[in-house]
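Chemist: My questions will all concern the structure given below.
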Amino acid sequence: MAMKNISYFSWILLPLAGLLIMSFHNKKGFEIPLSRIDTEVVKLMNTKSSQLVELTKPIPGFEGASLFSIEQEGQPMGYVLVNRVESCRAGGCDASIRIDQQPFEFFDYFMILSLQGEVLRVRIFNYQATRGHEVMSKGWLRQFVGIRPHQELTVGDEIQAISGATISARAITADIVSQTTSLGDYLSDPLSQR
Amino acid sequence: MKYWKSLTLIMTISLTFVFTAHAQNAEYGLSNTVSNLLKSDRSLSFGGYGQIDYNKPFGNNTLQNGNLDVHRLVLMFGYRFSDKLSLVSEIEVEHVQEIYIEQAFLNYSFAHYLQVRAGLMLVPMGIINEYHEPTNYHGVERPLIDTYIVPTTWREIGIGFTGTIPEMALRYQAYLMNGFSSYNGTAQLSGKNGLRKGRQKGAESIMLKPVLAFRSEYYGILGLNLGLSAYTGQTQSSLYKSLNRDDETAITRADSSVVSIKMLGVDIRYQRKALEIRGQFYHTWIGNALEYNLFTASSGVNNDLGSTMVGYYAEVAYNIFYRAKFTKTKLVPFVRYSVYNTQASVAEGFIENEDYQKEVITGGIDWTIVTGVVVKADVQLIKPKSSEGYSQAFDAGIAIWF
């Protein structure tokens, strides 16, 4: 009886496991536009050059995201965080999951943060969702400047909603809140190596 | 004072909903049913909008009947044939009994920056023609310049491109479309109605040469949307039917029955927190107005189509419930000042009719119960240049959109 149950559930579990693997692949799959990040860092920090050093030590809360420290002549200047945001399911927000597809539409973004974890700049660099391109607007992304760790944000309140991009706007807002909070925890942890 | 009674009644009924109803948060940028249908991932989707109005002129010690009207009720159907190809259609019933097809087009999406559209489409001019759902503007009726200068709902059959270029925060539309009919046995254009009666609406319409319509929108600054619209082309005339190319007299005659139209529109929308500001400006140049007015003279009286038409408005609105803790609905008083003139200039030898130059002050309040349901009331004051005082009218209505 028990065996029968397992074989029965495996039909459900196997595709689910497949989806998990695929989404894991998504998470790790993005390319980091180092030269673009460097351009933005140089512009923002008003320096001639900077060095991005990837923090490879596993940090709680950063599964999937890449964190870099910005260094200039050996001195830390701030951080860069690169992450992938999942918006709607592939095939559209209303579509049912199809196993032959990547399960989620997504876009990639990076943010430049101060040494205290305050957001200084946000840019979306790889938009792969079918709709909601309006969130790429620099004017809209400027709303996140000054956001600090543990700050709660609601689309439609602190963050102005944008028509045609409701889901993408909510997705990136939630991700920025979660990433800045994790970074804040990491920075305030005395055991973390800066 | 009776009008204040009806206003109070509406407010009282409205307030009973306040504590239970919830409006979604304000969005920056407008949505319409077309954008909703195209966004939908279902193969068959539908939406719609409608408005039921009460209009009553008052003042001048005159007894007046009010009008109660199901002004329009519209159903829109969308069908997604594939990931790339969709159909959008809009069927409108006006005043309970007049049926129109307002849109019916296919949209093929190559990518977000390039989509091809063909069929019966809205002419992309200004804000209201494309976003004509009653929940998209303040006040019970559409702004008057969007009736007399831009003849909303202005639609013709055409083909063209549209898309979004997110890197530049730009949207664009560029269509080749059918133009107005200026002559169909009688004159279709005039000083009184402007271009409005010339709309062919895709109904057995005639065309010799298409027109060009273009619009672009910039949304790169938070809360701001800037639009630029342009339209250029000739009107159509039934006199070109079966014309011998060598028959110069007949061709000259037909040429006198058409005008060239160039229209430029600039619009601005700004929405931040509780504040909403809107402005629109239209300028229309009409070529060949002199010959057209002489040719379309009826019983010895020349027609009076202007050589230029101008219209503009500025509007400020403020959501007084923005900080309210007890409700998520929006209560938005607004005021709009408009000026329009269908004879901003006239052909040589003609005299401007001062009845056509109007100043309009509209003030009212909109209460958005949820996104898509708005209860409205306003007072509209209209003064033609020829008149000393303002005519007054009270409007109230409900507006729905889904």
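Chemist: Please give the Cα centre distance for the stretch B:103-151 versus the stretch B:196-240, rounded to the nearest Å.
Modeler: After rounding, the separation between the Cα centres reads 10 Å.
Chemist: If you don't mind, another one. List the equivalent ellipsoid semi-axes of chain B in whole Å, largest first, each obtained as the square root of 5λ for an eigenvalue λ of the Cα gyration tensor.
Modeler: After diagonalising the Cα gyration tensor, the semi-axes are 36, 28, 19 Å.
Chemist: Here is a follow-up. Find which of B:Phe281, B:Thr362, B:Gly306 sits farthest along the positive direction of the dipole of the stretch B:246-395, computed with +1 on the beta-carbon of Lys and Arg, -1 on that of Asp and Glu, about the Cα centre.
Modeler: Positive-most Cα among the choices belongs to B:Thr362.
Chemist: While we're looking at this one, here's another question. Please give the average number of partner chain Cβ atoms lying within 10 Å of the Cβ of each residue in A:132-143, rounded to a whole number.
Modeler: What the average comes to for A:132-143 is 6.
Chemist: Given a 10 angstrom Cα cut-off, can you work out which residue in B:Gly191, B:Gly349, B:Gly47 is the most mobile in a GNM of chain B?
Modeler: B:Gly349
Chemist: So how do B:Val116, B:Val301 rank on accessible area, 1.4 Å probe, biggest first, that is with the largest at the start?
Modeler: Accessible-area ranking of B:Val116, B:Val301, largest first: B:Val301, B:Val116.
Chemist: Which value, in Å² rounded to 10, gives the accessible area of B:Thr249 with a 1.4 Å probe and all protein chains present?
Modeler: Rounded to the nearest 10, the figure is 110 Å².
Chemist: Could you pull the accessible area for B:Glu291 with a 1.4 Å probe, rounded to 10 Å²?
Modeler: The value for B:Glu291 is about 90 Å².
Chemist: Counting only protein heavy atoms, what percent of the accessible surface of the stretch B:105-162 is carbon or sulfur at a 1.4 Å probe?
Modeler: That share works out to 66 percent.
Chemist: May I pose another question? Just counting partner chain Cβ atoms within 10 Å, what average do the residues of peptide B:93-101 show around their Cβ?
Modeler: Counting Cβ atoms of other protein chains within 10 Å of each residue's Cβ and averaging gives 0.
Chemist: Sort B:Trp401, B:Trp154 by heavy-atom solvent-accessible area, probe 1.4 angstrom, most to least.
Modeler: B:Trp401, B:Trp154
Chemist: To test your reading of the geometry: what angle, between 0 and 90 degrees and rounded to tens, separates the Cα axis of helix B:2-18 from the longest principal axis of chain B?
Modeler: The angle comes out at about 60 degrees.
Chemist: Taking only protein heavy atoms into account and a 1.4 Å probe, give the accessible area per residue of the stretch B:255-346 in Å².
Modeler: The answer is 43 Å² per residue.
Chemist: Moving on. Rounded, prolate or oblate: which fits the stretch B:207-336, taking a ≥ b ≥ c as square roots of the Cα gyration tensor eigenvalues, rounded meaning a/c under 1.5, else prolate when a/b beats b/c?
Modeler: It is prolate, given that a/c is not under 1.5 and a/b is the larger ratio.
Chemist: Okay, next question. May I ask what percent, to the nearest 5, of DSSP beta bridges between residues of the protein assembly as shown are antiparallel?
Modeler: Approximately 95 percent, going by the DSSP bridge assignments.
Chemist: Which one, B:Thr186, A:Ala129, B:Gly198, projects farthest toward the positive side of the charge dipole computed for the protein assembly as shown from Cβ point charges (K/R +1, D/E -1)?
Modeler: Result: A:Ala129.
Chemist: On to the next question. Give me the dipole magnitude in Debye, nearest 20, for the stretch B:50-177 about the Cα centre, with unit charges on the beta carbon: positive for Lys and Arg, negative for Asp and Glu.
Modeler: 260 debye
Chemist: As a test of the definition: with a 1.4 Å probe, what buried accessible area, both sides summed, do you compute for B against A, in Å² to the nearest 100?
Modeler: So the total buried area for this chain pair works out to about 2000 Å².
Chemist: Follow-up question, since we're still on this one. Using a 1.4 Å probe and ignoring any ligands, DNA or RNA, find the accessible area of B:His283 and quote it in Å² to the nearest 10.
Modeler: Approximately 40 Å² for this residue.
Chemist: First measure r as the distance between the Cβ atoms of A:Asp189 and B:Tyr318, then evaluate 1/(1 + (r/R0)^6) with R0 = 51 Å and state the FRET efficiency to the nearest 0.05.
Modeler: Computed FRET efficiency for A:Asp189 and B:Tyr318 comes out at 0.65.
Chemist: Oh, and also: The stretch B:31-51 to the stretch B:282-302: how many Å between their Cα centroids?
Modeler: When both Cα centres are located, 41 Å separates them.
Chemist: A further question follows. Hey, with R₀ at 22 Å, roughly what FRET efficiency would B:Asn60 and B:Asn193 work out to, going by the Cβ-Cβ distance, to 0.05?
Modeler: Computed FRET efficiency for B:Asn60 and B:Asn193 comes out at 0.30.
Chemist: Another question, if that's okay. Could you give the size of the charge dipole of chain B about its Cα centre, using +1 on the Cβ of each K and R and -1 on the Cβ of each D and E, expressed in debye and rounded to the nearest 20?
Modeler: 1140 debye
Chemist: For a label point 7 angstrom out from the Cα of A:Lys48 toward its Cβ, which stretches of the stretch A:71-89 have the backbone nitrogen within less than 13 Å?
Modeler: Only A:73 fall inside the zone, counting backbone N under 13 Å.
Chemist: Right, another one. What size of dipole, in debye to the nearest 20, comes out for the protein assembly as shown about its Cα centre when the only charges are +1 on Lys and Arg C-beta atoms and -1 on Asp and Glu C-beta atoms?
Modeler: With Lys and Arg at +1 and Asp and Glu at -1, about 760 debye.
Chemist: Hey, if we sort B:Trp285, B:Trp367 by accessible area with the 1.4 Å probe, largest down, what's the order?
Modeler: Largest to smallest exposure gives the sequence B:Trp285, B:Trp367.
Chemist: Within 10 Å of each candidate Cβ there may be at most 12 other Cβ atoms; applying that plus a DSSP loop requirement, which chymotrypsin sites (Phe, Trp or Tyr not before Pro) in the stretch B:73-121 survive?
Modeler: B:Phe81
Chemist: Also, I was wondering about something else. I need to check one value: relative contact order of the stretch B:92-190, counting alpha carbon pairs closer than 8 Å and at least 6 residues apart, in percent.
Modeler: So the answer I get is 23 percent.
Chemist: Full extension from B:Leu264 to B:Ala174: what is 0.36 nm times the residue separation minus their Cα-Cα distance, to one decimal in nm?
Modeler: 31.0 nm
Chemist: Using helices alone, I'd like the mean residue ellipticity at 222 nm for the protein assembly as shown: each DSSP H run of four-plus residues gives -39500 (n - 2.57), total over residue count, nearest 500.
Modeler: The helix contribution divided over the protein assembly as shown gives -6000 deg cm²/dmol.
Chemist: Compute the relative contact order of the stretch B:162-272 as a whole-number percentage, counting only Cα pairs closer than 8 Å that sit 6 or more residues apart in sequence.
Modeler: 28 percent
Chemist: Something else about it: In the stretch A:102-194, what percent of the accessible surface is made up of carbon and sulfur (1.4 Å probe, ligands and nucleic acids excluded)?
Modeler: Carbon plus sulfur share of accessible area: 47 percent.
The values are calculated or read from the model by the stated rules, or taken from the named source; none is laboratory data. Only a predicted model underlies this, so the values are computations on that prediction, with no experimental measurement involved. FYI the Cβ positions are ideal-geometry reconstructions off the backbone, even for glycines, and counts take in every protein chain you see. To get the accessible areas, we keep the full protein, side chains included, count just its heavy atoms, and leave off ligands, DNA and RNA. Shrake-Rupley method; radii C 1.70, N 1.55, O 1.52, S 1.80 Å.
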